[in-house]
Every structure is written in C-alpha cells, then in structure tokens.
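Engineer: Have a look at this one.
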Amino acid sequence: MGLKINYIIVLENHEQYIVLKEAMLHGKKYFLAMGLDENREVISSNVVILEERVSGVDTYVSKVVNLDLITVLTRMFKAQG
C-alpha cells in the first residue's frame, strides 16, 4: 500500500512522525517527515527524510543518512513549495 501524505507513522523504536511531502528519485519514493512527541505535537527541530520500501503488503522505511542524497532531496522538497 505504501505511505501517504499526512499519515502518522510509528517506527520500531517508537518514534512518531507525520509525513509532509513525497518525492520520487531514481525509482525510489522518499518522504519528508517531522517528529511528533508523545502528545502528537509537532517537534519542529526533528525533521527526517525517509526512504520507502514496499515488500508485498508490508511497507518499510529507513532514515536517509547519505548527506549528498539528503541535499538533493531537500532541494526537491523545497521546489514543491
């Protein structure tokens, strides 16, 4: 099924994020997400880019850590407005 904008996701380590934007690059889907606290209030200093991997009906995400990729994706998200 995959992620969608405005979805709240909870990672295995119990971190919560709200998905804000989506971009495609080289056939992979990436999402800009902002962290949420235990009351689901936005933590504006906790911004991540997530890479989506879909396997059958399961959707997995991992945080993007490659600085060059983060730079490219950040430009793409900014261009979306």
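The values are calculated or read from the model by the stated rules, or taken from the named source; none is laboratory data. Quick caveat, the model's predicted, so the values are computed rather than measured. Reconstructed Cβ throughout: ideal geometry from the backbone, glycine too, with neighbour counts over all protein chains shown. With ligands, DNA and RNA removed, areas are computed over all heavy atoms of the protein, side chains included. Shrake-Rupley method; radii C 1.70, N 1.55, O 1.52, S 1.80 Å.
Engineer: Give the range of the longest stretch in the chain that excludes all trypsin sites (Lys or Arg not before Pro) found in loop regions by DSSP and having at most 11 other beta-carbon atoms within 10 Å.
Structural biologist: Details: sites that count: K4, R40.
Value returned for the longest uninterrupted segment is 41-81.
Engineer: With n ≥ 4 as the cut-off for DSSP H runs, can you work out [θ] at 222 nm for the chain, using -39500 (n - 2.57) per run divided by the number of residues, rounded to the nearest 500?
Structural biologist: Computed ellipticity for the chain at 222 nm equals -5000 deg cm²/dmol.
Engineer: Here is a follow-up. Filter the chymotrypsin sites (Phe, Trp or Tyr not before Pro) in the stretch 2-65 down to the DSSP loop ones having no more than 15 other Cβ atoms within 10 Å, then list what survives.
Structural biologist: Numbers: sites: Y7, Y17, Y30, F31, Y60; in loops: Y7.
Sparse-neighbourhood loop chymotrypsin sites (Phe, Trp or Tyr not before Pro): Y7.
Engineer: Something else now. Rounded to the nearest 10 Å², what accessible area does V10 show when all protein chains are kept and the probe is 1.4 Å?
Structural biologist: That residue has around 80 Å² of solvent-accessible surface.
Engineer: Still on this structure, please answer the following. Pop out the ³J(HN,Hα) list for the stretch 69-81 in order, Karplus 6.51 cos²θ - 1.76 cosθ + 1.60 with θ = phi - 60°, rounded to Hz; leave Gly and Pro as x.
Structural biologist: 5, 4, 4, 4, 5, 4, 4, 5, 5, 5, 5, 6, x
Engineer: Pick out, from Y30, V65, Q16, the residue whose Cα sits farthest towards the positive end of the charge dipole of the chain, with +1 on the Cβ of Lys and Arg and -1 on the Cβ of Asp and Glu.
Structural biologist: Y30
Engineer: Also, quick follow-up: Name the residues whose placed amide hydrogens come within less than 5 Å of the amide hydrogen of V64, ignoring near sequence neighbours (fewer than 5 apart) on the same chain.
Structural biologist: Those qualifying (amide H under 5 Å, at least 5 residues apart or on another chain) are I49, L50, E51.
Engineer: Additional query: Place a +1 charge on the Cβ of each Lys and Arg in the chain and a -1 charge on the Cβ of each Asp and Glu, then give the dipole magnitude about the Cα centre in debye, rounded to the nearest 20.
Structural biologist: 400
Engineer: Right, something else. Restricting to bridges with both residues inside the stretch 2-81, how much of the DSSP beta-bridge set is antiparallel, in percent to the nearest 5? Spell out each step's value before the answer.
Structural biologist: Numbers: 25 of 25 bridges.
DSSP beta bridges in the stretch 2-81 are roughly 100 percent antiparallel.
Engineer: In nm, to one decimal, how far is the I43 label point from the S55 one, both placed 7 Å along Cα→Cβ?
Structural biologist: Once both label points are built, they end up 2.7 nm from each other.
Engineer: Positive end of the dipole of the chain, charges at C-beta (+1 Lys, Arg; -1 Asp, Glu), about the Cα centre: which of M76, I43, V54 has its Cα farthest in that direction?
Structural biologist: M76
Engineer: May I pose another question? What full-extension length gain, to one decimal in nm, is calculated for Y7 and H26 as 0.36 nm per residue of separation minus the Cα-Cα distance?
Structural biologist: Residue separation times 0.36 nm, minus the Cα-Cα distance, leaves 4.5 nm.
Engineer: Can you tally the lysine pairs in the chain where the Cα-Cα distance is under 14 Å and the two residues are eight or more apart, or on different chains?
Structural biologist: Summing the qualifying lysine pairs gives 6.
Engineer: Right, here's the next one. [x] 87; [y] 104; [z] 67: which one is volume of the Cα convex hull per residue in Å³ as calculated from this entry?
Structural biologist: The value computed from this structure is option [y].
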